[in-house]
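**Q** This is the structure, below, for whatever I ask next.
The values are calculated or read from the model by the stated rules, or taken from the named source; none is laboratory data. Because the structure is a prediction, the values reported are computed rather than measured. Neighbour counts are summed over all protein chains in view; Cβ atoms, including those assigned to glycine, are modelled from backbone coordinates with ideal geometry.
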Amino acid sequence: MLGLCVSRRIPLLAALLAVFALVIAWGPFLSHMDVVVRHFDGPNYLVVAKTLYVPTAVNPLPGYALRPSYFAAHTPLYPLVLRACSLFGGWKAGLFLATALLAAASASAFAVYAKDAAPDVPTLVAVLAFLFLPARMFLYRALGASEALMSLLVVLAVLAWRRGRVDWALFAAALATVTRLNGILVVGVLCLALLFSGRVKTALFGGALAAVPLLLLLSWHRFLFGDFFALRLGREVADSPGRLCLPFAFIGEMATRNDWETAEMLLGLHLFFILCAARLFAKGDRLEAGLIAAHVALFSLLRERDLARYYLTVAPFAVVVAWRDVWSRPRLAAAVLAVLAPLSVFYAWKTIPMNLCSEPAYRALLSFLAS
């Protein structure tokens, strides 16, 4: 009975801390929360939540969306959560409700996972590190973005794997593929882990089933837009991050353009995650190490500046679990959090008012959502 009480208390504590962190992130904007709604990619996800990609007679986001296929890049599971939450007070209220629920759920799931993966780290420390680090994750967990949902699904997939529930691990990974596209890597790494353990039939059959949600999405895009791969073209950017190059070649391209700051940032980012993968592998956390390594392998091929956001999928394993020898020392952990957590808050407060949907487009979006 005591064990059950403790097991329930841990996720509840994590959920409360997540809501508290969310209130901190929203603090300066509580009197004008439209700023949070206007921050991209929230407006794009709201359009998908209402239309489910079906072309509309009127452009729901004038000035940004050139044609309906623009929204194909925004995968549907998070918009479906927004759609469900909008039943409780409308679209804006639904976005805030979804943000709070996903922040709480992801923190709760991580608290349970951390008890398995890093039992020597105090639960409070592990959850606080998860909530406030890295700064980009603290930011996007407070916005209309899919990062919190993706974090929830990936943590659940790894937790299920650790507990021997391959079926649930593949199910969570399948949902991750329609949350953010790099969910495909989660399915792939799980299937490779099954192959290495000699479970060939499970790997092949489970991998095929896990691909079904993404295949259904691509088929829906084919029906609507006449393009099975509309998702990759959805952003309508000429220099798409989907264009591939030789591994790490983009760092050299940035350096030759005298963009040393970007080159050094990307190099440091890749090196950090490579180091974290190595630490996890050495500690026996092979699945987590494989997930990070798969992301490094893919992202090293991309011509993309904002890899800091792309890496958020595996950031909890890299930031918390790979460095559990640091977090398990209370005084050192407290000192690290005392320095880095306020920096994350400062970063969010300064960044949330940036990258906003313009006032005319936002008014058009609200009118469209109310129609």
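**Q** Output the residues belonging to the stretch 19-76 that are of a type in the set (D, E, K, R) and either over 21 Å from F228 (Cβ atoms) or within 20 Å of the chain's Cα centre (by Cα) (or both).
**A** Answer for the stretch 19-76, where residues must be of a type in the set (D, E, K, R) and either over 21 Å from F228 (Cβ atoms) or within 20 Å of the chain's Cα centre (by Cα) (or both): D34, R38, D41, K50.
**Q** Applying the selection to the stretch 271-302, what residues are among the hydrophobic types (A, V, I, L, M, F, W, C) and touching a residue at least 60 places away in the same chain (Cβ under 8 Å)?
**A** Residues satisfying the conditions are L287, L291, A294, L298, L302.
**Q** Regarding E359, is this residue farther than 30 Å from V112 by Cα, charged (D, E, K, R), surrounded by 13 or more Cβ atoms within 10 Å (Cβ to Cβ) and out of contact with any Leu (no Cβ under 7 Å at 6 or more places or on another chain)?
**A** no
**Q** While we're here: From the list L87, L66, exactly one residue is modelled with pLDDT under 95, under 23 Å from L366 (Cα atoms) and not in a helix (DSSP H, G or I). Which is it?
**A** One residue alone meets the criteria, L66.
**Q** While we're on this one: Taking only pairs six or more apart or across chains, which ones have beta-carbon atoms under 9 Å, a first residue in the stretch 29-42 that is over 18 Å from V345 (Cα atoms), and a second residue that is in a strand (DSSP E or B)?
**A** Here the result reads R38/L356; F40/L356, each pair linking the stretch 29-42 to a residue that is in a strand (DSSP E or B).
**Q** List the residue pairs whose Cβ atoms are under 8 Å apart, where the first residue sits in the stretch 212-223 and is in contact (Cβ under 8 Å) with a residue 24 or more places away in the chain, the second is among the aromatic types (F, W, Y), and the two are 6 or more positions apart or on different chains.
**A** Sorted first by the residue in the stretch 212-223, then by its partner, the pairs are W220/Y53; H221/Y53; H221/F228; H221/F229.
**Q** Restricting the stretch 201-248 to residues that are β-branched (V, I, T) and modelled with pLDDT of 95 or more, which is nearest to A73 (Cα to Cα)?
**A** V212
**Q** So, one more: State which residue is modelled with the highest pLDDT when the search covers only the stretch 332-360 and only residues that are of a type in the set (A, V, I, L, M) and part of a loop (DSSP other than H, G, I, E, B).
**A** Filtering the stretch 332-360 for residues that are of a type in the set (A, V, I, L, M) and part of a loop (DSSP other than H, G, I, E, B), the one modelled with the highest pLDDT comes out as I352.
**Q** Checking the conditions here, which among A297, A318 is in a helix (DSSP H, G or I), out of contact with any helix residue (DSSP H, G or I) (no Cβ under 8 Å at 6 or more places or on another chain) and within 26 Å of A172 (Cβ to Cβ)?
**A** A297
**Q** Something else now. Just checking, does the stretch 307-314 include any residue being among the aliphatic types (A, V, I, L, M), assigned to a helix (DSSP H, G or I) and touching a His at 6+ places or on another chain (Cβ under 6 Å)?
**A** Within the stretch 307-314 (the criterion being among the aliphatic types (A, V, I, L, M), assigned to a helix (DSSP H, G or I) and touching a His at 6+ places or on another chain (Cβ under 6 Å)), the answer is yes, since at least one residue qualifies.
**Q** I need the full set of residues from the stretch 190-230 which are touching a helix residue (DSSP H, G or I) at 6+ places or on another chain (Cβ under 6 Å) and not in a helix (DSSP H, G or I), in order please.
**A** Residue satisfying the conditions is F228 alone.
**Q** Then there is this: What's the number of the condition R163 fails, among (1) over 26 Å from C85 (Cα atoms); (2) touching a residue at least 60 places away in the same chain (Cβ under 8 Å); (3) out of contact with any Gly (no Cβ under 9 Å at 6 or more places or on another chain)?
**A** Just one mismatch for R163, condition (2).
**Q** Search the stretch 152-176 for residues being among the β-branched types (V, I, T) and closer than 19 Å to A315 by Cβ, and hand back the single one that is surrounded by the fewest Cβ atoms within 10 Å (Cβ to Cβ).
**A** By that ranking, first place goes to V155.
**Q** Continuing with the same structure: Mind checking which residues of the stretch 113-168 are part of a helix (DSSP H, G or I) and basic (K, R)?
**A** Scanning the stretch 113-168 gives K115, R136, R162.
**Q** Taking only the stretch 105-127 into account, find how many residues are surrounded by fewer than 22 Cβ atoms within 10 Å (Cβ to Cβ) and not basic (K, R).
**A** 8
**Q** Taking the stated definitions as given, is R305 of a type in the set (K, R) and in contact (Cβ under 8 Å) with a residue 60 or more places away in the chain?
**A** no
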